[in-house]
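Handing you a structure now.
The values are calculated or read from the model by the stated rules, or taken from the named source; none is laboratory data. Quantities reported herein were computed from a predicted structural model and do not represent experimental measurements. No Cβ is skipped: glycine too gets one built from the backbone with ideal geometry, and neighbour counts run over all protein chains shown. All accessible areas refer to the heavy atoms of the entire protein, side chains included, with ligands and DNA or RNA removed. Shrake-Rupley method; radii C 1.70, N 1.55, O 1.52, S 1.80 Å.
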Amino acid sequence: MTGLRTRLERNGLSLFFGVIFIAAIAGQAVSGVALFNETQISAGLAPISLVDYVTTSAFAVDVTENWQSEFLQFLLYIVATVFFLQRGSPESKALDEAGRESDEDQLVAEFATADSPRWARARGWRLSVYSRSLSLVMGSIFFLSWLAQSITGSVAYSEEQMRDLQDPVTWTEYLRLPDFWSRTLQNWQSEFLAVASMVLLSIYLRERGSPESKPVGTPHEATGVEG
Amino acid sequence: MTRRPTHRDVTVLLGAACVGMLVLTACAGRPAASAAAGTASAFYSAIGSSDGAAACGLLTPAARHTLESDADESCDEAVLGGDVGTTLEERADPRPASTVSVAGREAQVVLSTDVVFLTITGSTWRITAVGCDPRPQRPYRCVVEGS
């Protein structure tokens, strides 16, 4: 029991977000099928079950349009914080550390330690890939989610069109329609605003005990300091 | 939202994404696209042989109800009589559908003489609108439609 409790405690952050993710997507499915069925019934069509709903493109596009924007947010955040600084923000590196930094600072190649990851120890393509692996993976998930949004979005849009006795559209036609760009940009703007707010508010505000905040007594000008 | 992601975060997110996509791509056992064309053809076969009951059996309940309300007679008679019957009879064509588009639970079958809209009802395709003419920037106008 003690071992299990220790494991739970040491993985609390990922477990917490995993549980609330499942709860939120379940809630999205339940409320989404109710909304979908309102449309079905008002169009004189039969309502569908929850199981049927979670296999629809209407549900998939609502899920993936949010996924792509979240992964884009993290992708941009990971890459932008390499090069851009913000005086006073704990989200920024120190003002003299912009860029990819030295091998010594990054503990790679001859500066690697005994417990450094294997791909960080020797120069070559593995080190190049591993040095960018976070943005590569987050970027890949972003592009796949955005692609999935465009495909499921075109199906959901065509389904609505035909329900309203209008012609369906192809995927390439859908990419030029306001529906695709409205879904995309309304998510992007909120993510960008949230990041900018965090970068700026964390200069002046504190959250005691959070690594996302500077220690409470740290001066506003202190940059690159995490709690 | 703005903490720096770790490898553990990525692993958890990837796992969640995989589970989500498995759920999303699960097959729901929907009728095939060709079955939508078959329903449209069967409807016009019934019209061609003056079998109103068979034609009405291929309409959604809403389309049947609208047809009966508008004509103030049973669907079996309304679908063969008046302007509706004349229009449908003129459009009855044994040639196969030229285009079948399916998106989710809706389908559009383009015949040489007509455009038919269908929806999944239960486990089969049923006709929501038939005898349809396009209008620029607006929905099709159909002699039979349920809403």
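Any idea what Rg and Dmax come out to for the stretch A:177-227 if you just take the C-alpha atoms, in Å?
15.8, 51
What are the DSSP H helices in chain A that stretch 27 Å or more along their long axis, judged by alpha-carbon atoms, and whose average Kyte-Doolittle hydropathy comes to at least 0.5?
Answer set is A:12-42, A:57-83, A:133-163.
Tell me, what is the 1.4 Å probe accessible area of residue A:204, in Å² to the nearest 10?
Accessible area of residue A:204: about 140 Å².
Using a 1.4 Å probe on the heavy atoms of the protein chains only, list every residue of the stretch A:195-220 that has 40 Å² or more less accessible area in the complete assembly than in its chain alone.
With the partner chains in place, the stretch A:195-220 has these residues losing at least 40 Å²: A:212.
Can you give me the distance in nm between label points at residue A:83 and residue A:2, each placed 7 Å from the Cα along the Cα-to-Cβ direction?
Between residue A:83 and residue A:2, the simple spin-label model gives 5.2 nm.
Given 20 Å bins starting at zero, what is the percent of C-alpha pairs of the protein assembly as shown in each, up to the one with the largest pair distance?
For the protein assembly as shown, the binned pair fractions read 23, 41, 23, 13, 1 percent.
Determine, for each peptide in B:118-128, B:31-41, the mean count of other beta carbons within 10 angstrom over its residues, then list the peptides with the highest first.
B:118-128, B:31-41
Could you report the buried accessible area between A and B, both sides summed, computed with a 1.4 Å probe and given in Å² to the nearest 100? Mind showing how you got there, number by number?
On the way: alone 14780 and 9090 Å², together 20170 Å².
So the buried area, both faces added, is about 3700 Å².
For the protein assembly as shown, give the magnitude of the charge dipole about the Cα centre (Cβ charges: +1 Lys/Arg, -1 Asp/Glu; no others), in debye to the nearest 20.
Values: 29 positive and 42 negative charges, 381 e Å.
Its charge dipole is roughly 1820 debye.
In addition: Restricting to Cα pairs below 8 Å that are 6+ residues apart, what does the relative contact order work out to for the stretch A:153-218? Please round to a whole percent.
Computed over the stretch A:153-218, the figure is 16 percent.
Here's another thing I want to ask about it. Using +1 at the C-beta of Lys and Arg and -1 at the C-beta of Asp and Glu, which of A:37, A:6, A:158 has the Cα lying farthest in the positive direction of the dipole of chain A?
It is A:6, whose Cα lies furthest towards the positive end.
Something else about it: Among A:83, B:46, B:107, pick out the residue whose Cα is farthest towards the positive end of the charge dipole of the protein assembly as shown, where Lys and Arg carry +1 and Asp and Glu carry -1 on C-beta, about the Cα centre.
Most positive-ward Cα: A:83.
With +1 on each Lys and Arg Cβ and -1 on each Asp and Glu Cβ, how big is the dipole of the stretch B:44-147 about its Cα centre, in debye rounded to the nearest 20? Can you show the working numbers first?
Values: 8 positive and 15 negative charges, 125 e Å.
The dipole of the stretch B:44-147 has a size of about 600 debye.
Continuing with the same structure: May I ask for the Rg/Rh ratio of the stretch B:33-147, computed from Cα atoms with Rh as the Kirkwood radius, given to two decimals?
Numbers: Rg = 12.7 Å, Rh = 13.7 Å.
The Rg/Rh ratio comes out at 0.93.
Would you work out what percent of the accessible area of the protein assembly as shown, with all protein chains in place, is carbon or sulfur (probe 1.4 Å)?
60 percent
When the accessible area of each residue in the stretch B:100-119 is compared between its chain alone and the complete protein assembly (1.4 Å probe; ligands, DNA and RNA ignored), which residues differ by at least 40 Å², being lower in the assembly?
B:103, B:105, B:106, B:117
Accessible area drop of at least 20 Å² (1.4 Å probe, protein heavy atoms): which residues of the stretch B:56-78 qualify, relative to the chain alone?
B:62
Using a probe radius of 1.4 Å on heavy atoms only, what accessible surface per residue do you get for the stretch A:1-55? Whole Å² is fine. Intermediate values should be presented prior to the final figure.
Numbers: 3700 Å² over 55 residues.
Value returned for the stretch A:1-55: 67 Å² of accessible area per residue.
Still on this model: Go from 0 up to the bin containing the longest alpha carbon distance in the stretch A:28-106, width 10 Å each, and give me the % of pairs per bin.
16, 27, 16, 13, 16, 10, 2
Rounded, prolate or oblate: which fits the stretch A:1-55, taking a ≥ b ≥ c as square roots of the Cα gyration tensor eigenvalues, rounded meaning a/c under 1.5, else prolate when a/b beats b/c?
prolate
Stick to Cα atoms and the Kirkwood definition of Rh, then tell me Rg/Rh for the stretch A:134-227.
My calculation puts Rg/Rh at 1.25.
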